[in-house]
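Novice: Have a look at the structure that comes next, please.
Throughout, read-outs are computed from the coordinates displayed, never taken from laboratory work. These numbers were taken from a predicted model, which means no experiment stands behind them. Cβ atoms come from the backbone with ideal geometry, glycine included; neighbour counts cover every protein chain shown.
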Amino acid sequence: MIRLTYNGRTQTLAQWSNEIGLTPQCIHHRIMRGVPIEEALTKPIQIVKGARIIDNKTLRCAKCDIIKDVNEFVKHRKMQLGRDPYCKICRKLLKQNITKKRQQYWNVHDSYEEHKTGIRHCRKCKKNLSVYEFSRNNARADGLSWWCKLCTASQSQYNKYGKNVLVTDVCEICGSATKLGIDHNHKTFQIRGVLCALCNTALGMFEDKIIILQSAIKYLKKYNNNNE
């Protein structure tokens, strides 16, 4: 925490800011440029045509050039003024335009084939995986999701059931690794395990009745010459 001493008083940037009316970012920027402490704390802001700073409560948007209340700008600690140079409306429109351009590009290009290395880092499990382990996301710069498919499915089930239940990456019945989901008891809603979409659907069609499943096994053995 930076503290400045002036006129025998030592205070933080935030405390000086509240007293003299300058933003902490403005004071810090002046100090970093080598401006003497007295000048950094006493020199008023020079307002020129087109300047972003109007007063302590209003700023000029660098995009639409409209003077707005400071609360119309998102806080940005890396900027000199401590606020985004674009107002919230302009920033939202800018993001929408960027997303639209990305979607138009990835609608006609393959994000898997155009990936530079073929390896992507999952921000959830912190593993370097093949790009094919990630779902496509046309809103991203490289057309791929930040999380791998397993982490995405695990988080989805956590949001739904309140805990991570994807402890395996294969179906517990057939061993398939595609279209995995959580199987649960339809009467008690108790979570049972991880199944692929086909096995989960099959259990539902048999109404989760063991007797019917055993009868189905006998039926298959009866008409299966190889008895497999």
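Novice: Can you compute the FRET efficiency between Arg77 and Gln15 using 1/(1 + (r/R0)^6), with r the Cβ-Cβ distance and R0 = 25 Å? Round to the nearest 0.05.
Specialist: On the way: r = 18 Å, r/R0 = 0.71.
Result of the calculation: an efficiency of 0.90.
Novice: Considering the zone a paramagnetic label at Thr58 would reach in this model (a point 7 Å from Cα along the Cα-to-Cβ line), which residues of the stretch 73-105 have amide N under 16 Å from it?
Specialist: Residues 73, 87 fall inside that zone.
Novice: Further question: What is the gain in length, in nm to one decimal, between Ala202 and Tyr105 on full extension, counting 0.36 nm per residue of separation less the C-alpha to C-alpha distance?
Specialist: On the way: separation 97, 0.36 × 97 = 34.92 nm, distance 3.95 nm.
Here the segment from Ala202 to Tyr105 would lengthen by 31.0 nm.
Novice: On a full-extension model of 0.36 nm per residue, what is the gain between Ile67 and Lys126, subtracting their alpha-carbon distance, rounded to one decimal in nm?
Specialist: Values: separation 59, 0.36 × 59 = 21.24 nm, distance 4.36 nm.
Length gained between Ile67 and Lys126: 16.9 nm.
Novice: For n ≥ 4 DSSP H runs only, could you compute -39500 (n - 2.57) per run for the chain, divide by its residues and tell me the 222 nm figure to the nearest 500?
Specialist: Values: 7 runs with 78 residues, N = 228.
The helix-only estimate for the chain comes to -10500 deg cm²/dmol at 222 nm.
Novice: If you don't mind, another one. Any of Lys126/Lys209; Lys78/Lys124; Lys57/Lys78; Lys124/Lys187; Lys95/Lys124 with alpha carbons more than 30 Å apart? Name them for me. Write out the running numbers ahead of the final one.
Specialist: On the way: Lys126/Lys209 41 Å; Lys78/Lys124 26 Å; Lys57/Lys78 19 Å; Lys124/Lys187 33 Å; Lys95/Lys124 24 Å.
Beyond 30 Å: Lys126/Lys209; Lys124/Lys187.
Novice: Once the Cα gyration tensor of the chain is diagonalised, what are the square roots of 5 times its eigenvalues, in whole Å and ordered largest first, as equivalent ellipsoid semi-axes? The partial results should precede the final answer.
Specialist: On the way: eigenvalues 750, 93, 55 Å².
Listed largest to smallest, the semi-axes of the chain are 61, 22, 17 Å.
Novice: Whose amide H sits under 5 Å from the amide H of Arg192, counting only residues 5 or more places off or on another chain, with H placed in the peptide plane?
Specialist: Answer set, sorted by chain and number: Asp183, His184, Asn185.
Novice: For the stretch 176-225, which trypsin sites (Lys or Arg not before Pro) are in a loop by DSSP, counting at most 14 other Cβ atoms within 10 Å?
Specialist: Numbers: sites: Lys179, Lys187, Arg192, Lys209, Lys218, Lys221, Lys222; in loops: Lys179, Lys187, Lys209.
Those that pass, being in a loop and sparsely packed, are Lys179, Lys187, Lys209.
Novice: Now a separate question. With an 8 Å cut-off on Cα pairs and a minimum separation of 6 or more residues, tell me the relative contact order of the stretch 170-228 in percent. Could you put the intermediate results ahead of the total?
Specialist: Details: 52 pairs, mean separation 14.1, N = 59.
Here the relative contact order equals 24 percent.
Novice: Let me ask another. Which translational diffusion coefficient, to the nearest whole µm²/s, is obtained for the stretch 70-173 from the Stokes-Einstein equation, given a Kirkwood hydrodynamic radius over C-alpha pairs, 4 °C and 1.567 mPa s?
Specialist: Numbers: Rh = 16.5 Å.
Answer from the Stokes-Einstein relation: 78 µm²/s.
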